[in-house]
Amino acid sequence: MPGLIILLVCLNRFLMTLAKHGLQELGTDNYFSALSPGKTSLLYFSKNDSPGNRIFLEELQKSAAALQDYGISVARVKCADEDAPKYCVEENAYLFRGTKLLREFPTDALFSVNAIVANVLFVLLYNEVKYITSLPELHNIENNTKGKRNVVFVYVRAIGTPEHRSVMEAAFVYGSMYQFVLTTEAALLEDLSPGESSFVPAKLAYGHCKAVKSLTQKCQRTLLDEPVTTLSIHRFLKLMDAPLLAEASGDPDKFSSIQLQLGLPMVFIISRQETLEADRSTAEHLAWQLLGKAGLAIIERKASDVHIPLNANVALKRADESEPVQYMKLEDTKDIIDLIENSKNQENEESEEKSIHEDQETQDDEVAGAVYEDRKRVLAVHLVAELTDETFKAVVDSKRHSVVLFYAGWEAVSMTFLRSFLEMAEKYNNTLDVYLARVDCSDWPYVCSDENVTSIPVAKIYQMGKEPYFYTGMMGSEDLAKFISLSKLDCPLNLSSMEEVENYLNGKLHKSRHPHQNLSALGIFSPSMKNEIATFMDAGKSLRGFASVGIYSGDHSSVLSDRYSVSPPAIVFSRSNHNEVYGVSLQNYGAKDIIHLIRRELLGVFPEITVENFPSFSTRQKPLLVLFSDGNLEPTDEKHILRLVKGKYLEPYLTGWLNIRSTPAGNAVLKRYFGFIPSLPLLAIIHFDATGHVFAFPSDQQLTEVSILYWLEMVKAGEEVPVYTLSKDEWKPRFPDYDFLAMMDAADPHIAAQKIRIRMKSGKRKKIEVPSARAEKDEHLSKASLRGTAPKILQKEKNHQTHSDL
């Protein structure tokens, strides 16, 4: 036994070494001789070893062992500068059968081992797996297979995903038994599984066409309820081939079936001799509804070797042999279906709870966690059009104001922003008067790279005749709606008359924007102030979409100055919700100073602090004076603080109030400061400087102007004791995460992640033809669609079972 163990260890190391060094390298002088007749080969022609090239080589090396199971060899051809073949021009991969070229693959289509295996098998199994793009194509295939073969219809989000690989591996095994049909069109997903979100990675259905004899009769379909993997497909097909209804005799506890072997329960319909035919008909109808979820058998009471309770008409045997058969009396077949469904849901919930509990030890991304917990929520994606490389240009070139969201369906922050985008579409689409669209950069990377989208998610605004620009605000639906509404206005807006100035300040100039522009900022300049006007114009352009900014530099500037008690250059602010107009001098102000001033005024005199606007507070380098409230403010408390603010007694502080009902995050803040939720309202000072001290207004005193000022002086004098001190430690994830950069540096110092650049090639590739004397294109294979290829290099890989594991 010890000798056997040593032998197995040595064998394992040998196989690992082979896998590590399994990528054969050829030269341009001998690669053609390696193309043996009848043998399939994947050759990658490359010139150098760039960091991006190295990533691809690692994935190609991994695929060598996987493709070997299918008799496909993988090799790299190093292109020499002299006598380089045509294949070296693009540095792509080429699939050969013998010396015949089957397909050219750009490297960005082979972005992972899953993509390589999936794409190669997709080409080789062209006749076994039909790729379709429309519903009539599916119906034609089903009609052609009626009475002959059953159909396995699969939707995958993109070519080259792990789910696509699973389908191709299953087709390699079962392609002669079933007709496999594949699509990446989300429109066909609705026919396959009505109401299913288009963000589902894959969906599989089994079409029972073999038993259909009439062309007018539809093929009944059974959906796979599990994630699409190689093993789940194998298990599902075994269940579909099992007898629909079994005949049982003897002890149900000793009964065996393929369903029990695969972990599904077995339902027994307990019958009597006089009702056997009627019960069998009922059982067959029920079996179709439980197909893939449970097995069904009919057992005659007298044929059983055990005593069955007289009032029982149904028995349930679970896959766990330790559990006894459960006998029960049910009134309707629906009760049996509910029993199985509830049992399955309970198992799934227990499995998910266990998974979440296990993931908590390493889960450090709260956004990803929130998206995962909310994964069952159906998104109203139909509200926003999905663009492709073909439809994108027509949209952005149209005269209509358009807003396009660039995102990736696999990325948590993208999904969060997408939800806000859809919420905005549902609430404001009729009032914003804009065309809303989205582009999934994992499906259409060239569209995103051409639009200079270097990070996701991001929204971009397009207007005919104007330079497009990015939205840089918060990802909430309200903030985005406000930005879109205000972005339609020129910023700054040139006003040419006294009447326009008055209408602008009282909100009459753009009534449709009124809900989103409580504050209007008007710059007043004399005509001779050229430099000051240019500075203000630059500041206004930076605030486009975030503020309503106007400018007047006409001959009546002195009249306006007298009216609003300011001297040019100056800004006049108007608050429509408070009927308040006041001015601020702009002497010696630069563009950054003007932007800072307007952003500060946008917050308001005594604003409510929310999650969305808190960054504007925390970056001001001033202590935060905040009044925590359980609901709306008490009028007396608000009156006292407003008097202090307007009297400029609170200039050293950023003053605001926080409603813990509308902003529940305030509860966590208070618990951290006090260890419990204190009596509210409560006034507190939070220092963001090196001290990090938090002070609370004495709970035994009333909030008055005098008591607040006295307390602030005591805090300044060091007479008050802080209730809490902010941590000086660096903010880190709540749980430890893997340091991938360190791992990469440890493995190879030359491949540090910060040096890696994933290049997205743009433009059309030149097609390379094989010399006609030695190779000939296979017309059908060359036309196999690669639509939907998704370079998801950053996507988390799934544990994948290969064909050989079956």
Selection from segment 530-582 of residues surrounded by fewer than 20 Cβ atoms within 10 Å (Cβ to Cβ), touching a residue at least 60 places away in the same chain (Cβ under 8 Å) and in a strand (DSSP E or B) yields 581
Unique match (being part of a loop (DSSP other than H, G, I, E, B), modelled with pLDDT under 85 and touching a strand residue (DSSP E or B) at 6+ places or on another chain (Cβ under 7 Å)) among 509, 489 | 489
Looking only at segment 680-696, and only at residues there that are out of contact with any Ser or Thr (no Cβ under 8 Å at 6 or more places or on another chain) and not small (Gly, Ala, Ser), the one that is modelled with the lowest pLDDT | 689
Tally, over segment 661-680, of residues that are open to solvent by 60 Å² or more (accessible area, probe 1.4 Å) and not aromatic (Phe, Trp, Tyr) = 9
Only listed residue being touching a residue at least 40 places away in the same chain (Cβ under 8 Å), within 19 Å of residue 654 (Cβ to Cβ) and either over 41 Å from the mean Cα position of the chain (by Cα) or open to solvent by less than 20 Å² (accessible area, probe 1.4 Å) (or both), chosen from 627, 597, 603 = 627
Return a yes/no flag: does segment 356-376 have any residue that is assigned to a loop (DSSP other than H, G, I, E, B), among the basic types (Lys, Arg) and at pLDDT below 70.
-> yes
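What's the total number of residues in segment 191-209 that are surrounded by 15 or more Cβ atoms within 10 Å (Cβ to Cβ) and either free of Cβ contacts under 8 Å to residues at least 40 places away in the same chain or of a type in the set (D, E, K, R) (or both)?
Step one: list which residues in segment 191-209 are surrounded by 15 or more Cβ atoms within 10 Å (Cβ to Cβ), which gives 191-193, 196-209.
Filter once more, so that each one left must be either free of Cβ contacts under 8 Å to residues at least 40 places away in the same chain or of a type in the set (D, E, K, R) (or both): 191-193, 196, 203.
Residues meeting the conditions: 5.
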If you take the residues in segment 93-143 that are outside any loop (DSSP other than H, G, I, E, B), in contact with a strand residue (DSSP E or B) (Cβ under 9 Å, 6 or more places away or on another chain) and open to solvent by 50 Å² or more (accessible area, probe 1.4 Å), which one is modelled with the lowest pLDDT?
-> 97
For segment 160-188, name all the residues that are charged (D, E, K, R), out of contact with any Gly (no Cβ under 9 Å at 6 or more places or on another chain) and either in a loop (DSSP other than H, G, I, E, B) or surrounded by fewer than 24 Cβ atoms within 10 Å (Cβ to Cβ) (or both).
-> none
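Where residues in segment 441-457 are β-branched (Val, Ile, Thr) and free of Cβ contacts under 8 Å to residues at least 60 places away in the same chain, which of them is nearest to residue 408 (Cα to Cα)? Reasoning before the result, please.
Of the residues in segment 441-457, the ones β-branched (Val, Ile, Thr) are 447, 453-454, 456.
Subsequent filtering for residues that are free of Cβ contacts under 8 Å to residues at least 60 places away in the same chain retains 453-454, 456.
Numbers: 453: 12, 454: 12, 456: 7 Å.
Per the stated criteria, the residue is 456.
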Would you point out the residue of segment 426-479, among those that are charged (D, E, K, R) and touching a strand residue (DSSP E or B) at 6+ places or on another chain (Cβ under 6 Å), that is surrounded by the most Cβ atoms within 10 Å (Cβ to Cβ)?
-> 438
For segment 668-680, indicate whether the set of residues that are within 35 Å of the chain's Cα centre (by Cα) and within 18 Å of residue 603 (Cβ to Cβ) is non-empty.
-> no
Out of (1) among the polar types (S, T, N, Q); (2) outside any strand (DSSP E or B); (3) open to solvent by 20 Å² or more (accessible area, probe 1.4 Å), the odd one out for residue 53 is which?
-> (3)
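The values are calculated or read from the model by the stated rules, or taken from the named source; none is laboratory data. From a predicted model like this one, the values you see are computed outputs, not experimental measurements. Using ideal geometry, Cβ is built from the backbone for each residue, glycine included, and neighbour counts are taken over all protein chains shown. Just so you know, the surface numbers come from the protein's heavy atoms only, side chains and all, with ligands and any DNA or RNA stripped out. Shrake-Rupley method; radii C 1.70, N 1.55, O 1.52, S 1.80 Å.
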